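Okay, structure first, notes after.
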Amino acid sequence: MSFKDFEKDKKNDNLAGTIFIYGDENYLIRWAVEEIIDKYISEDDKELNLIQLYGDNGISAMDILNSASTYSIFGGKRVVVVHNFEPLYKKADVATEAEISKIIDFAKSDQDSSILIFILNSEYRGDTKFKRNLIKAGKSYKMVKLDRQTLRSFIIKQLKSSGKLMSNRDIDYLIDMSGYFNKESEYSLDDLYKDIRKIAESKEEANINAKDIQDFLVGDEDKFIFNLVDYLMTGENKKAYNMFLNILAKDKDTSMRTISLLTSQFEMMYDSLELEREGASLKSMAKSLKVNEFRLNKAYKSARRFKKDRLKEILEKIYNIDRDIKNGDISADDGLGLFLLDI
C-alpha cells in the first residue's frame, strides 16, 4: 500500500497491530511514524509508552517481542518503533531465522495494547524472506515518490507554513527544475523540503517567482557554463574569454573542469537535436539523457540556435584540445583560451 492508503487508514482509524513502513522517501516514512505516535500517545505519555529500538544497536527479535508484548502504563496504546532491523535487509543465520519467525506469528495475532512499527529507510535496499513475510503478515506501506498533484500540495503546504506564496506555474517550474521526477536522480522529498525552506528564508517578500527559484537552485557552476555558452552562441567570444579569465584568477585549477563541463553541455545540445529529429519531447529527452529537465531545456534552446553541423564542429575542436592537453602538447589554460576565442 502507498502514502495515500496510509492517509486513508489514518482517517478511518485503521492503524493497529504490526505495521511496516519502507520505501524511497525517508521524509514520508518519518512523517507516517509521527502521525501514528501523535494519534495514539499523548505528549505526556510518550516517555512511558513510546519505545524506540535501533537495528544498529544489535537488538534481537526477543527484544522486540518483549517490548511489544508489555502492556502500556496507565492504559492506552504502547507504540514500539523498530528502526532498520537487520533481518529486513540482510539474510539471517539459522538461529536468528527461528527467532524472527516468532515476529511473523506475533504480527498475525491480535495486538490489543500495542502497535509495533518496523521502518526501513531508503538506504537499506536488501530484500529478504523476513521482509516479504512481514509485508504479508501485517499492514505495510511503501513510501515512494509522490505524484505531481500530491507534490504540488506538499509544496503549497510548506510555503504557507513559511508565509510565502508561489503561482501554480512557478510551482511546476520548481518541480521540473528540481529533477524530482527524473528517474536517475537521487533528489528526494527531504531535498525538496530543505530547498523550499532555504528559498523561503532567503526572500523577505511573500511572493516567490521563477527568478528566485533559478537564482537559488542553479549552482554557480551551472550558471557559469550557461552564461559561457550564451556568449559563444551570440558570437561574443571575447566576453566568454574574459569571463573565463575572471574565474581563472580565483581558481587556478578551473580550466580542465571547465573543459569537462563545456564538453558535457555541448554533447547534451547535440544529442537533444538528434532526439528532436526522432520526435522526442523535452520530457522524454531529459529522461533519455538522464539529466534535469531544466538543464536539458536550456541546452536544447541553445542547440537550436547553434545548429547541428556547427555543434559537431565545436565538439570536434574541444575533443582535439582535450587530447592535446592530455598529451602535453598544450597547457589546459592556453587550450581552453584558444577554444573560447576560436569557435
How far, in nm, would the chain grow between residue 167 and residue 1 when pulled straight, counting 0.36 nm per residue and subtracting the alpha carbon separation? 56.6 nm
In Å, the Kirkwood hydrodynamic radius from C-alpha pairs for segment 1-59 sits at 12.9
Restrict the search to segment 228-315; then list the trypsin sites (Lys or Arg not before Pro) that DSSP places in a loop and that have at most 16 other Cβ atoms within 10 Å of their Cβ. 252, 290, 307
For residue 20, the residues 5 or more places away or on another chain with a placed amide H closer than 5 Å to its own amide H are 118, 139, 140, 141
Of 8/102; 129/194; 108/157, which sit over 32 Å apart, Cα to Cα? 129/194; 108/157
Packing-ranked peptide list from 80-86, 118-124, highest mean Cβ count within 10 angstrom first, is 80-86, 118-124
Looking only at Cα atoms, what is the convex hull volume of the chain per residue, in Å³? 203
Shape of segment 1-140 from its Cα gyration tensor (a ≥ b ≥ c, root eigenvalues): rounded if a/c is under 1.5, otherwise prolate when a/b > b/c, or oblate? oblate
Fewest-first ordering of 22, 89 by Cβ atoms within 10 Å yields 89, 22
Quick query: amide H of residue 115 versus all other amide H atoms, modeled in the peptide plane; which residues come in under 5 Å with a sequence gap of 5 or more or a different chain? 78, 79, 80
Calculated FRET efficiency for the pair residue 149/residue 312, C-beta based, R₀ 51 Å, to 0.05: 0.75
Quickly work out the residue 233-to-residue 93 label distance, labels modelled 7 Å from Cα along the C-beta direction, and quote it in nm with one decimal. 6.2
Assigning unit charges at the beta carbon (Lys, Arg +1; Asp, Glu -1) and nothing else, what dipole magnitude in debye, to the nearest 20, does the chain show about its Cα centre? 1000
Answer rounded, prolate or oblate for segment 191-324, using the Cα gyration tensor with square roots of eigenvalues a ≥ b ≥ c: rounded when a/c is under 1.5, else prolate when a/b is larger than b/c, else oblate. oblate
Can you work out the FRET efficiency for the pair residue 54 and residue 125, with r the C-beta to C-beta distance and R0 = 25 Å, to the nearest 0.05? 0.85
Strictly over 24 Å apart at the Cα level, which of 11/145; 287/308; 301/326; 252/307; 211/298; 238/283 would you flag in this model? 301/326; 252/307; 238/283
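Readers should treat all values here as calculations from the given coordinates under stated rules, not as data from a laboratory. If you're wondering where the values come from, they're calculated on a predicted model, not measured in any experiment. A quick note on method: Cβ atoms are made from the backbone with ideal geometry, for glycine too, and the neighbour counts reach across all protein chains shown.
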